[in-house]
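Colleague: One structure, as structure tokens, below. Some questions next.
The values are calculated or read from the model by the stated rules, or taken from the named source; none is laboratory data. As the structure is a computational prediction, the values presented were derived from the model and not from experiment. Here Cβ is always computed from backbone atoms with ideal geometry, including for glycine, and neighbour counts include all displayed protein chains. With ligands, DNA and RNA removed, areas are computed over all heavy atoms of the protein, side chains included. Shrake-Rupley method; radii C 1.70, N 1.55, O 1.52, S 1.80 Å.
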Amino acid sequence: MRRALVAAVTLLAGVAQAGVVQAAATPLPPPTTEPAPPLNSALDAPLIYQLLIGEIELRAGEAGTAYEVILDAARRTRDETLFRRAVDIALGAHAGEQALAATRAWRTAQPQSLDALRAQLQILVAMNRPGDLAEPLRTLLALTPEAELGATLAALPRFLQRLPDARQTVQLVDDAVRPYRDRAATQVPARIALGRAWLAAKDPARALALAREAAVLEPTAPGPALLGMELMQERPEAEALVTGYLTQPAAEVAMRLAYVRALTDAQRYAQAVDQLEIATRQQPDDAAPWLTLGALQLELRHAKEGEAALLHYLQLADRSRAAGEPAAPASAAGEGEGDDEATPPPADRGLVQAWLLLAQAAEQRGDYAGAEKWLTRIDDPQRALEVQTRRASILARQGRIGEARDLIHRVPERRPEDARAKLLAEAGVLREAKRWRDAHDVLATANQRFPDDADLLYEQAMLAEKIDHMDEMEKLLRRVIALKPDNAQAHNALGYSLADRRQRLPEARTLIERALELAPGDPFITDSLGWVEYRMGNRSEALRLLRAAWSARPDTEIGAHLGEVLWTLDQKDEARRVWRDARTRDSGNEVLRETLARLRVEL
């Protein structure tokens, strides 16, 4: 009874507030000599009683009765709060038809209500009723204020994305946006909406054509560039829309940062760094890009540049905290969301991420005391395993393997998944220390505890290769592919392993090509495809692919492969330049050292 009363009071407050707003909007009458009659609220005793009865019925499990009572009150008062409540009651009872009926009544009572239209559209989409969507879509667009119309048009495909028939969605979007395609203010968002619908319908060619049309109509509009980013993986030529937009003086920094995210997702870290450096020059006081820049520089093994960016981030973060502003959004720190009371606020998560990265940079330079200095700043239970893993890595680099493993073992297991994470962390530390067999055994134990875990199986396969258990590696990778047919890395790893050993090269190429279909543009998979082409004698194609991979991600192993192909094509000066560059990134890389030794090259 108490809960019903609270719910009714909350609902009454909404009705009362709506009445106050309506009263406030009513023009005052001209002054008279007689006192004005009191302004009556929409709330009266019968209505209060009716709403209370509706909430009591709902709490008693009589959702149907509660719905009828609240909907009757909504019809009599024409109050949007009550219509919304009736819709919610029906949806909570999984009564889609009743919810739809409530939205129709709502629209009848309030023909100009955008909320009523949106509610009706959402329910029709959830019920998969595309045939009933055309009229409310047209009406929604007709009633949307001019200033919001472009954004509403562009968002239509995402609003309709739950419909199972993508081609039918294209037709709905096409019909809805047709009246707006020739208006100056809406011609670009109308095309972007239709382009997104075609992309969802697996027709990137039409999507790209529409994006290009929109870019010609309004070169300074960000919409075509955003659609270009969505198309980049499937249609690499779409990237020209992005880069073309970003060359304009008026290009928004937010668009450049969105491009950075797209490049990072494609592991094109070198180009992402280039864009971040431009962004930090354009907005030097924005902290978040400096954090991302530092992380990417370290990923490229540019410890000095990474440290400089991270230290600058900390300066900006300190300045922001002193001014009472957030240091950086949580997304900039690469953190997930959490609802644990111990989870630090977003600004602190950014700082924690910076301290972890600075510890990593110091470790890369061999400054273990400096790394520990940064780690001691972190007092976050959510990151305990990560901090201890970093410490364990430092111990392992000093040959103190037993202490390193013990450190990870002592990390508390606060959640069920922590045991798995600890096993992965231990294997990772052993891998870094080149203790391949020990790492393999840890993962074999993990796979006994967590059977059919595709990620654990993949990691064990990679370590089986290190200890020359090739049959085991192949068996494990085929198991990963059976569990997750869309796992690009498993396809790539198996294909590359076959190519590297000059075994079953046609099968190797098929596996790698499938991996590239699953992860278009991935530089490591492009490297694998270049390597299999080289093994098959297609040196010009191998050179093209390896140049593309090296340009996207100047990784040491990619550099070793590119240098070898250049060397065999008698482009020895360029081969040496590539190898020298690759060696500065990771002088201990085994693939590079083996390549130089086999080819008897001195740098």
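Residues checked against (1) over 31 Å from the mean Cα position of the chain (by Cα); (2) of a type outside the set (Lys, Arg):
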residue	(1), (2)
LEU456	no, yes
GLN460	no, yes
GLU465	yes, yes
GLU472	yes, yes
LEU476	no, yes
LYS484	no, no
ALA488	no, yes
HIS491	no, yes
LEU494	no, yes
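Colleague: What are the pairs, 6+ residues apart or on separate chains, where a residue within the range 50-74 that is touching a residue at least 12 places away in the same chain (Cβ under 8 Å) and hydrophobic (A, V, I, L, M, F, W, C) has its Cβ under 6 Å from a residue that is part of a helix (DSSP H, G or I) and open to solvent by 40 Å² or more (accessible area, probe 1.4 Å)?
Modeller: Once the first residue is touching a residue at least 12 places away in the same chain (Cβ under 8 Å) and hydrophobic (A, V, I, L, M, F, W, C) and sits in the range 50-74, its partners that are part of a helix (DSSP H, G or I) and open to solvent by 40 Å² or more (accessible area, probe 1.4 Å) give ALA66/GLU57; ALA66/LEU58; VAL69/ILE53; ILE70/ARG85.
Colleague: Now a separate question. Tell me which of these ALA548 doesn't satisfy, since it passes every other one: (1) in contact (Cβ under 8 Å) with a residue 24 or more places away in the chain; (2) open to solvent by 30 Å² or more (accessible area, probe 1.4 Å); (3) not in a helix (DSSP H, G or I).
Modeller: Answer for ALA548: the failing condition is (3).
Colleague: Could you tell me how many of the residues in the range 456-468 are touching a residue at least 12 places away in the same chain (Cβ under 8 Å) and open to solvent by 30 Å² or more (accessible area, probe 1.4 Å)?
Modeller: Going through the range 456-468 one residue at a time, the tally reaches 5.
Colleague: Given the structure, is THR103 under 22 Å from GLU135 (Cβ atoms) and within 40 Å of the chain's Cα centre (by Cα)?
Modeller: When the stated conditions are applied, THR103 passes them.
Colleague: Sticking with this structure for a sec: Kindly provide the set of residues from the range 557-574 that are surrounded by fewer than 22 Cβ atoms within 10 Å (Cβ to Cβ) and in a helix (DSSP H, G or I), ordered by number.
Modeller: GLU557, TRP567, THR568, LYS572, ASP573, GLU574
Colleague: With the requirement that a residue be assigned to a helix (DSSP H, G or I) and acidic (Asp, Glu), what does the range 76-98 give you?
Modeller: Passing the criteria: GLU80, ASP88, GLU97.
Colleague: Can you pull out every residue in the range 322-368 that is at pLDDT below 85, open to solvent by less than 40 Å² (accessible area, probe 1.4 Å) and within 19 Å of ALA287 (Cα to Cα)?
Modeller: ALA327, ALA328, ALA330, ALA332, ALA333, PRO344, ALA347, ARG349
Colleague: Testing THR103 on (1) buried (at least 17 other Cβ atoms within 10 Å of the Cβ); (2) polar (S, T, N, Q); (3) more than 30 Å from TYR49 (Cβ to Cβ), one condition comes back false. Which one is that?
Modeller: (3)
Colleague: May I pose another question? Considering ASP586, ASP522, which residue is open to solvent by less than 60 Å² (accessible area, probe 1.4 Å), within 30 Å of GLY366 (Cβ to Cβ) and not basic (Lys, Arg)?
Modeller: Result: ASP586 is the single residue among ASP586, ASP522 that is open to solvent by less than 60 Å² (accessible area, probe 1.4 Å), within 30 Å of GLY366 (Cβ to Cβ) and not basic (Lys, Arg).
Colleague: A further question follows. So, in the range 242-286, exactly how many residues are within 16 Å of the chain's Cα centre (by Cα) and open to solvent by 60 Å² or more (accessible area, probe 1.4 Å)?
Modeller: The qualifying residues number 3.
Colleague: I've got another one for you. Residues of the range 49-75 being charged (D, E, K, R) and in a helix (DSSP H, G or I), which ones?
Modeller: GLU55, GLU57, ARG59, GLU68, ASP72, ARG75 - these are the residues of the range 49-75 that are charged (D, E, K, R) and in a helix (DSSP H, G or I).
Colleague: Given the range 196-308, what helices (runs of 4 or more DSSP H) lie entirely inside it while holding 3 or more residues that are under 30 Å from ALA582 (Cβ atoms)?
Modeller: Passing ranges, in order: 239-246, 253-265, 269-282, 287-299.
Colleague: Return the residues of the range 224-239 that are in contact with a Gly (Cβ under 8 Å, 6 or more places away or on another chain) and more than 24 Å from LEU518 (Cβ to Cβ); say none if nothing qualifies.
Modeller: ALA225
Colleague: Residues that are under 24 Å from LEU423 (Cβ atoms) and in contact with a His (Cβ under 9 Å, 6 or more places away or on another chain), at least 2 per element: which helices (runs of 4 or more DSSP H) completely within the range 441-535 meet that?
Modeller: Once the helices (runs of 4 or more DSSP H) in the range 441-535 are filtered for at least 2 residues that are under 24 Å from LEU423 (Cβ atoms) and in contact with a His (Cβ under 9 Å, 6 or more places away or on another chain), what remains is 454-466, 470-483.
Colleague: Is at least one residue of the range 402-422 open to solvent by less than 50 Å² (accessible area, probe 1.4 Å) and either in contact (Cβ under 8 Å) with a residue 40 or more places away in the chain or at positive phi (or both)?
Modeller: no
Colleague: Regarding ALA193, is this residue over 30 Å from ARG129 (Cβ atoms) and open to solvent by less than 70 Å² (accessible area, probe 1.4 Å)?
Modeller: The answer is no for ALA193.
Colleague: Still on this structure: Whether any residue in the range 240-249 is within 30 Å of ARG321 (Cβ to Cβ) and aliphatic (A, V, I, L, M) is what I want to check.
Modeller: no
Colleague: Can you tell me which residue within the range 496-519, out of those that are acidic (Asp, Glu) and within 28 Å of the chain's Cα centre (by Cα), is most open to solvent (accessible area, probe 1.4 Å)?
Modeller: My answer is GLU517.
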